[in-house]
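Each remark here refers to the structure printed beneath this line.
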Amino acid sequence: MKIGLLLCDDVRSELQKEHKNYPEMFAALLKKQQPDLELVIYRVLDNKLPAKTDECDGWLISGSRHGANDDFEWISALEDFIRQLHKEGRKLVGICFGHQVMAQALGGKVVESDKGWGVGMSENSLLRYKAWMDKGIGEFNLLVSHKDQVVELPESTEILAASDFCPYYMLQYGENFMSVQGHPEFSKEYSAALMDSRRDSIPEKVLNMGMESLIQKPDSDLLGKWIIQFLK
(Lines give C-alpha, C1' and ligand atoms only; values in the text may rest on other atoms or scores of the structure.)
Protein backbone atom coordinates (compact mmCIF):
# COMPACT_ATOMS: atom_id res chain seq x y z
CA MET A 1 0.00 0.00 0.00
CA LYS A 2 1.43 3.35 -1.09
CA ILE A 3 0.21 6.48 0.69
CA GLY A 4 1.19 10.01 -0.30
CA LEU A 5 1.66 12.38 2.66
CA LEU A 6 0.90 15.94 1.59
CA LEU A 7 3.12 17.67 4.13
CA CYS A 8 1.96 21.16 5.15
CA ASP A 9 4.36 21.91 8.04
CA ASP A 10 7.45 20.81 9.96
CA VAL A 11 7.88 20.28 13.67
CA ARG A 12 9.67 23.27 15.20
CA SER A 13 13.41 22.73 14.82
CA GLU A 14 14.04 22.89 18.58
CA LEU A 15 11.53 20.06 19.15
CA GLN A 16 12.67 17.71 16.38
CA LYS A 17 15.56 16.13 18.28
CA GLU A 18 13.22 14.68 20.89
CA HIS A 19 9.99 14.30 18.91
CA LYS A 20 11.18 13.98 15.27
CA ASN A 21 9.26 15.45 12.33
CA TYR A 22 5.71 14.84 11.14
CA PRO A 23 6.61 12.26 8.45
CA GLU A 24 8.21 10.09 11.15
CA MET A 25 5.15 10.52 13.38
CA PHE A 26 2.77 9.46 10.61
CA ALA A 27 5.00 6.55 9.59
CA ALA A 28 5.04 5.26 13.18
CA LEU A 29 1.25 5.60 13.47
CA LEU A 30 0.35 3.96 10.18
CA LYS A 31 3.01 1.24 9.98
CA LYS A 32 1.85 -0.06 13.33
CA GLN A 33 -1.33 -1.01 11.46
CA GLN A 34 0.18 -1.74 8.04
CA PRO A 35 3.89 -2.73 8.37
CA ASP A 36 4.50 -2.91 4.61
CA LEU A 37 3.04 0.56 3.99
CA GLU A 38 5.11 2.89 1.81
CA LEU A 39 4.77 6.54 2.84
CA VAL A 40 5.79 8.98 0.09
CA ILE A 41 6.40 12.56 1.24
CA TYR A 42 5.35 15.56 -0.86
CA ARG A 43 6.46 18.88 0.67
CA VAL A 44 3.37 20.86 -0.29
CA LEU A 45 4.48 23.74 1.96
CA ASP A 46 7.43 24.14 -0.45
CA ASN A 47 5.08 24.15 -3.47
CA LYS A 48 5.92 20.52 -4.31
CA LEU A 49 2.66 18.82 -5.20
CA PRO A 50 2.30 15.43 -6.90
CA ALA A 51 2.47 15.54 -10.67
CA LYS A 52 -0.41 13.03 -10.98
CA THR A 53 -3.32 12.02 -8.78
CA ASP A 54 -2.64 8.29 -9.30
CA GLU A 55 0.95 8.28 -8.04
CA CYS A 56 -0.26 6.71 -4.77
CA ASP A 57 -3.07 4.40 -3.65
CA GLY A 58 -4.37 7.05 -1.27
CA TRP A 59 -3.51 10.48 0.12
CA LEU A 60 -3.15 12.08 3.55
CA ILE A 61 -2.99 15.82 4.33
CA SER A 62 -1.05 16.76 7.47
CA GLY A 63 -1.73 19.49 9.98
CA SER A 64 -0.08 22.90 9.79
CA ARG A 65 0.65 25.98 11.89
CA HIS A 66 -0.88 27.90 8.96
CA GLY A 67 -4.60 28.39 8.43
CA ALA A 68 -6.74 27.32 5.50
CA ASN A 69 -7.50 31.02 4.86
CA ASP A 70 -3.86 32.11 4.76
CA ASP A 71 -2.84 33.70 1.47
CA PHE A 72 -0.18 31.26 0.29
CA GLU A 73 0.18 29.96 -3.24
CA TRP A 74 0.70 26.41 -1.98
CA ILE A 75 -2.65 26.43 -0.14
CA SER A 76 -4.50 27.44 -3.31
CA ALA A 77 -2.63 24.76 -5.26
CA LEU A 78 -3.48 22.19 -2.59
CA GLU A 79 -7.17 23.10 -2.83
CA ASP A 80 -7.03 22.55 -6.61
CA PHE A 81 -5.43 19.14 -6.01
CA ILE A 82 -8.14 18.25 -3.46
CA ARG A 83 -10.87 19.12 -5.93
CA GLN A 84 -9.19 16.99 -8.60
CA LEU A 85 -8.93 14.02 -6.22
CA HIS A 86 -12.61 14.46 -5.38
CA LYS A 87 -13.60 14.63 -9.05
CA GLU A 88 -11.68 11.42 -9.78
CA GLY A 89 -12.92 9.56 -6.69
CA ARG A 90 -9.46 9.10 -5.17
CA LYS A 91 -9.04 8.28 -1.47
CA LEU A 92 -8.07 11.17 0.81
CA VAL A 93 -7.81 11.67 4.59
CA GLY A 94 -7.25 15.08 6.21
CA ILE A 95 -5.77 15.79 9.65
CA CYS A 96 -6.44 19.12 11.47
CA PHE A 97 -5.40 21.69 8.83
CA GLY A 98 -6.08 18.95 6.28
CA HIS A 99 -9.58 18.54 7.73
CA GLN A 100 -10.18 22.27 7.36
CA VAL A 101 -8.68 22.82 3.91
CA MET A 102 -10.66 19.86 2.51
CA ALA A 103 -13.91 21.43 3.72
CA GLN A 104 -12.95 24.81 2.33
CA ALA A 105 -11.85 23.42 -1.04
CA LEU A 106 -15.22 21.72 -1.48
CA GLY A 107 -17.34 24.75 -0.61
CA GLY A 108 -17.39 24.84 3.20
CA LYS A 109 -16.26 27.63 5.47
CA VAL A 110 -13.37 27.78 7.97
CA VAL A 111 -12.89 30.58 10.50
CA GLU A 112 -10.85 31.36 13.59
CA SER A 113 -13.28 30.15 16.22
CA ASP A 114 -14.62 32.49 18.89
CA LYS A 115 -14.14 29.55 21.26
CA GLY A 116 -10.39 30.12 21.05
CA TRP A 117 -7.67 27.50 21.30
CA GLY A 118 -8.41 23.81 21.49
CA VAL A 119 -5.37 22.08 23.02
CA GLY A 120 -4.61 18.87 24.87
CA MET A 121 -7.06 15.98 24.83
CA SER A 122 -10.44 16.20 23.12
CA GLU A 123 -13.32 13.91 24.10
CA ASN A 124 -15.49 13.08 21.10
CA SER A 125 -18.78 11.26 20.53
CA LEU A 126 -19.20 9.02 17.50
CA LEU A 127 -22.45 9.99 15.80
CA ARG A 128 -22.45 7.69 12.79
CA TYR A 129 -20.97 4.24 12.32
CA LYS A 130 -19.20 3.26 9.08
CA ALA A 131 -18.14 -0.18 7.87
CA TRP A 132 -14.44 0.74 8.13
CA MET A 133 -14.81 1.49 11.86
CA ASP A 134 -14.64 -0.88 14.82
CA LYS A 135 -18.05 -1.89 16.11
CA GLY A 136 -19.08 -0.92 19.62
CA ILE A 137 -17.13 2.35 19.76
CA GLY A 138 -19.22 5.24 21.05
CA GLU A 139 -16.54 7.72 22.07
CA PHE A 140 -12.85 8.34 21.45
CA ASN A 141 -10.16 10.70 22.72
CA LEU A 142 -7.66 12.48 20.49
CA LEU A 143 -5.03 15.16 20.94
CA VAL A 144 -5.74 18.55 19.39
CA SER A 145 -4.03 21.86 18.67
CA HIS A 146 -6.11 24.39 16.74
CA LYS A 147 -7.84 27.77 16.74
CA ASP A 148 -9.63 27.48 13.40
CA GLN A 149 -12.74 25.36 12.92
CA VAL A 150 -15.00 24.26 10.09
CA VAL A 151 -18.24 26.18 10.64
CA GLU A 152 -20.11 25.51 7.38
CA LEU A 153 -20.13 22.13 5.64
CA PRO A 154 -19.92 21.41 1.92
CA GLU A 155 -22.95 19.70 0.39
CA SER A 156 -23.43 15.96 1.01
CA THR A 157 -21.08 15.90 4.01
CA GLU A 158 -21.73 13.47 6.86
CA ILE A 159 -20.76 14.34 10.45
CA LEU A 160 -19.19 11.19 11.91
CA ALA A 161 -18.06 12.56 15.29
CA ALA A 162 -18.49 15.72 17.34
CA SER A 163 -17.54 17.33 20.63
CA ASP A 164 -19.02 20.23 22.57
CA PHE A 165 -16.03 22.32 21.53
CA CYS A 166 -15.95 21.19 17.90
CA PRO A 167 -19.32 20.16 16.38
CA TYR A 168 -17.78 19.15 13.02
CA TYR A 169 -14.95 17.07 14.46
CA MET A 170 -14.91 14.17 12.00
CA LEU A 171 -16.41 14.27 8.51
CA GLN A 172 -16.93 12.04 5.50
CA TYR A 173 -17.62 13.09 1.91
CA GLY A 174 -19.13 10.27 -0.14
CA GLU A 175 -17.05 7.09 -0.04
CA ASN A 176 -13.59 8.54 -0.72
CA PHE A 177 -12.90 11.56 1.52
CA MET A 178 -12.65 11.53 5.32
CA SER A 179 -11.15 14.02 7.78
CA VAL A 180 -10.68 14.61 11.50
CA GLN A 181 -9.82 17.70 13.53
CA GLY A 182 -7.58 15.82 15.98
CA HIS A 183 -4.01 14.57 15.67
CA PRO A 184 -3.65 10.77 15.93
CA GLU A 185 0.04 11.13 15.07
CA PHE A 186 0.78 13.24 18.19
CA SER A 187 2.18 11.75 21.39
CA LYS A 188 1.18 13.23 24.73
CA GLU A 189 4.80 14.32 25.19
CA TYR A 190 4.80 16.21 21.90
CA SER A 191 1.41 17.76 22.68
CA ALA A 192 2.82 19.09 25.97
CA ALA A 193 5.98 20.41 24.28
CA LEU A 194 3.92 22.12 21.57
CA MET A 195 1.67 23.79 24.12
CA ASP A 196 4.70 24.93 26.09
CA SER A 197 6.23 26.45 22.94
CA ARG A 198 3.02 28.47 22.41
CA ARG A 199 2.72 29.98 25.88
CA ASP A 200 2.82 33.47 24.37
CA SER A 201 -0.33 32.85 22.31
CA ILE A 202 -2.39 30.35 24.35
CA PRO A 203 -4.18 31.87 27.38
CA GLU A 204 -2.75 30.54 30.64
CA LYS A 205 -6.05 29.04 31.81
CA VAL A 206 -6.56 27.22 28.51
CA LEU A 207 -2.98 25.98 28.49
CA ASN A 208 -3.21 24.69 32.07
CA MET A 209 -6.44 22.85 31.30
CA GLY A 210 -4.81 21.38 28.20
CA MET A 211 -1.84 20.15 30.20
CA GLU A 212 -4.11 18.64 32.86
CA SER A 213 -6.13 16.83 30.18
CA LEU A 214 -3.05 14.82 29.19
CA ILE A 215 -3.73 12.48 32.11
CA GLN A 216 -6.19 10.81 29.72
CA LYS A 217 -5.11 8.28 27.10
CA PRO A 218 -5.52 9.14 23.41
CA ASP A 219 -7.12 6.58 21.10
CA SER A 220 -4.40 7.18 18.51
CA ASP A 221 -4.00 3.54 17.48
CA LEU A 222 -7.74 3.27 16.89
CA LEU A 223 -7.66 6.29 14.58
CA GLY A 224 -4.56 4.96 12.84
CA LYS A 225 -6.45 1.72 12.20
CA TRP A 226 -9.48 3.60 10.91
CA ILE A 227 -7.33 5.65 8.52
CA ILE A 228 -5.80 2.50 7.03
CA GLN A 229 -9.16 0.74 6.79
CA PHE A 230 -10.74 3.79 5.16
CA LEU A 231 -7.92 4.17 2.63
CA LYS A 232 -8.20 0.49 1.71
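The values are calculated or read from the model by the stated rules, or taken from the named source; none is laboratory data. Values in this document were obtained by computation on a predicted structure and should not be read as measured data. Because the Cβ atoms are built from the backbone with ideal geometry, glycine has one as well, and the counts that use them run over all protein chains shown.
Mind listing whichever residues of segment 195-228 are more than 26 Å from Met133 (Cα to Cα), among the charged types (D, E, K, R) and under 21 Å from the mean Cα position of the chain (by Cα)?
Asp196, Arg198
Which of the residues belonging to segment 142-172 are part of a strand (DSSP E or B) and among the small types (Gly, Ala, Ser)?
Ser145, Ala161, Ala162
Exactly one of these conditions fails for Val150: (1) surrounded by 14 or more Cβ atoms within 10 Å (Cβ to Cβ); (2) at pLDDT below 95; (3) of a type in the set (Val, Ile, Thr). Give me its number.
So Val150 meets the others, but not (2).
Restricting to segment 166-175, give me the number of residues that are crowded, with 18+ Cβ neighbours inside 10 Å and over 14 Å from the mean Cα position of the chain (by Cα).
1
Would you mind stating whether Leu15 is in contact with a Pro (Cβ under 7 Å, 6 or more places away or on another chain) and either over 30 Å from Met195 (Cα atoms) or surrounded by 15 or more Cβ atoms within 10 Å (Cβ to Cβ) (or both)?
no
From the list Met102, Met121, which residue is in contact with a Ser or Thr (Cβ under 6 Å, 6 or more places away or on another chain), within 30 Å of Met209 (Cα to Cα) and assigned to a helix (DSSP H, G or I)?
Met102
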